[in-house]
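Asks: This is the structure, below, for whatever I ask next.
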Amino acid sequence: NICELLRLYLVKEGWDVQVAYNGVKAMELFKSDAPDFVLLDIMLPGEDGFTILKNIRAVSNVPVIMLTAKGETNDKITGLDFGADDYVCKPFNPKELIARIKAVSRRSEDVQAADSTVEYENLKVDILNYELIVKGEKVEAPPKEIELLYCLASNPNKVFTRDQLLNKVWGFEFYGDTRTVDVHVKRIRSKIDGASQKWGLKTVWGVGYKFEVK
């Protein structure tokens, strides 16, 4: 019933919609149809939404919004860590969901239109191809880590609060919980620390973070 309701709303907005009722069918449709956007429920039979999201992120950076009846912070962090662009808990207002889809789509288009690469000594962040190069070597990093580092590195020495980073990178208020930013910064640091003395990802205590260039 939820799928059919959403399909009707989305078709009315002008989208072509394919619906899958289990994880296996979802991946089959994803591979055959190459969608521009994915709405993904966590509680799917066969393979759950987290598994499907990991499989999608292994081959594509298509925007993904997670749908779930779970509202726990840890579930939200897990979805975002795996590369989800937004997270909506059931029950929800379909019009609000449409607004979120449009917002995520706009952010994705902005990424495509932006200068795609920022470079410093021993560091290259390519937001268009979602590549992180450290000391000439490609380093594996999920999309949100690359987007967060790109946001900071493309604004050298500018201090961002955690809430500002949530809104810029994830595009929504994460119920006041900024731990996801801290988790992502910690993981980024493990991949770039020590690469150069000329720059660094710094904590501004009591405020947030900045990409410091000396």
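The values are calculated or read from the model by the stated rules, or taken from the named source; none is laboratory data. Keep in mind that this is a model prediction, so the values were computed, not measured. Reconstructed Cβ throughout: ideal geometry from the backbone, glycine too, with neighbour counts over all protein chains shown. These accessible areas exclude ligands, DNA and RNA; they are computed on the full protein's heavy atoms, side chains included. Shrake-Rupley method; radii C 1.70, N 1.55, O 1.52, S 1.80 Å.
Asks: Using a probe of 1.4 angstrom, how much of the accessible area of the chain is carbon and sulfur, in percent? Please list the in-between numbers first.
Replies: On the way: 5480 of 11350 Å².
The value for the chain is 48 percent carbon and sulfur by accessible area.
Asks: Given a 10 angstrom Cα cut-off, can you work out which residue in Ile56, Ile146, Ile98 is the most mobile in a GNM of the chain?
Replies: Ile98
Asks: Provide the solvent-accessible area of Glu28, counting protein heavy atoms only and rolling a 1.4 Å probe, rounded to the nearest 10 Å².
Replies: Rounded to the nearest 10, the figure is 100 Å².
Asks: Here is a follow-up. Using the Cα centre of the chain as origin and beta-carbon charges of +1 (Lys, Arg) and -1 (Asp, Glu), tell me which of Ala58, Trp205, Gly46 is placed farthest towards the positive end of the dipole.
Replies: Trp205
Asks: What helices in the chain pass both tests, a Cα length along the helix axis of 18 Å or more and a mean Kyte hydropathy of -1.0 or higher, using whole DSSP H runs? The partial results should precede the final answer.
Replies: Numbers: long enough: 94-113 (28 Å, -0.59); 179-192 (20 Å, -0.56).
What comes out of the filter, once short or polar helices are dropped, is 94-113, 179-192.
Asks: With +1 on each Lys and Arg Cβ and -1 on each Asp and Glu Cβ, how big is the dipole of the chain about its Cα centre, in debye rounded to the nearest 20? Spell out each step's value before the answer.
Replies: Details: 30 positive and 32 negative charges, 114 e Å.
About 540 debye.
Asks: Shifting gears a bit: Rounded to the nearest 10 Å², what accessible area does Arg187 show when all protein chains are kept and the probe is 1.4 Å?
Replies: Accessible area of Arg187: about 100 Å².
Asks: For the chain, modelled as a Gaussian network with Cα springs under 10 Å, which listed residue fluctuates most, Gly14, Gly83, Gly136?
Replies: The residue that fluctuates most here is Gly14.
Asks: For the pairs Lys54/Lys90; Lys12/Lys168; Lys168/Lys202; Lys90/Lys191; Lys25/Lys168, note any where the Cα-Cα span goes beyond 25 Å. Don't skip to the answer; put the middle values down first.
Replies: Working: Lys54/Lys90 22 Å; Lys12/Lys168 29 Å; Lys168/Lys202 18 Å; Lys90/Lys191 36 Å; Lys25/Lys168 33 Å.
Too far apart for the 25 Å limit: Lys12/Lys168; Lys90/Lys191; Lys25/Lys168.
Asks: Please identify, among Tyr150, Tyr21, Tyr87, the residue showing maximal mean-square fluctuation in a Gaussian network model of the chain using a 10 angstrom Cα cutoff.
Replies: Largest GNM mean-square fluctuation: Tyr21.
Asks: With every protein chain left in place, what is the accessible area of Ser32 in Å² (1.4 Å probe, nearest 10)?
Replies: Rounded to the nearest 10, the figure is 80 Å².
Asks: Of all DSSP beta bridges in the chain, what percent run antiparallel (nearest 5)?
Replies: Numbers: 19 of 27 bridges.
Around 70 percent antiparallel, to the nearest 5.
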